[in-house]
Structure formats: structure tokens, C-alpha cells
1. Of the conditions (1) in a helix (DSSP H, G or I); (2) closer than 21 Å to residue 109 by Cβ, residue 16 fails just one. Which one is it?
2. Test each condition in (1) surrounded by 11 or more Cβ atoms within 10 Å (Cβ to Cβ); (2) over 18 Å from the mean Cα position of the chain (by Cα) for residue 19 and report the one that comes out false.
3. Out of the helices (runs of 4 or more DSSP H) lying entirely within the stretch 23-112, which hold 2 or more residues that are under 14 Å from the mean Cα position of the chain (by Cα) and surrounded by 15 or more Cβ atoms within 10 Å (Cβ to Cβ)?
4. Would you be able to say whether some residue in the stretch 41-56 is more than 20 Å from residue 79 (Cα to Cα) and touching a helix residue (DSSP H, G or I) at 6+ places or on another chain (Cβ under 8 Å)?
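Where a number appears in this text, it was derived from the coordinates with a stated rule and is not lab data. Everything quoted here is computed from the prediction, not taken from an experiment. Cβ atoms come from the backbone with ideal geometry, glycine included; neighbour counts cover every protein chain shown.
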């Protein structure tokens, strides 16, 4: 398998930026990884905040915490997220992932 395909697969299957790291483009790879991680943590933080707000209004009663109740809480938290914030962030992260795949493939081709 050539370097271009291997680098693109690292990005597609592992995590955005890993293909650049594989090609020794450390600054670009770390930048892509950092941006995607920041977006992921931002979304996670929003989910945690929403879940906390829901639990303040309707807390679990003692002894009623079941797997089903936790799943319902998670689904409710996800449905109450602000789509004006989450959707553009997700779109940006997906576009960055696609960019990283294409960039690593093209960079790998240049190195051959």
C-alpha cells in the first residue's frame, strides 16, 4: 500500500490529522487534531450542561436510577441541545475531516 492511500486511511479510519502525522507534517496534523478535539469537547460540554439542567428540574429519585432511565435522560439531553450551535460545529468538523483525508492523500502522492 502506498503512502498516499495509507495516510488517507489513517485520517478516514482513525482520527482527522493522523494521516498528516504519519506523513511527518506534525504542525498540520496537531492543528487538525486540536481543532477536532476542541469541537468534540465543546459538544460534550453542551450535553453535560443540558443534562445537568434537566436533572435540576427533575432529579432521579433514590433507587430509581436504571439503565433505561439514563438512556432516556441522554436522549432528552440530545434533543434539547441548541441546533443553531451544534449543527454548524458538526458540519465544520465533518468538512475538516474530509479536508484532512484529501490533504493527506495529496501530500502522500507528492512524497512518492
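1. (1)
2. (2)
3. 26-57, 83-111
4. Within the stretch 41-56 (the criterion being more than 20 Å from residue 79 (Cα to Cα) and touching a helix residue (DSSP H, G or I) at 6+ places or on another chain (Cβ under 8 Å)), the answer is no, since none of the residues qualifies.
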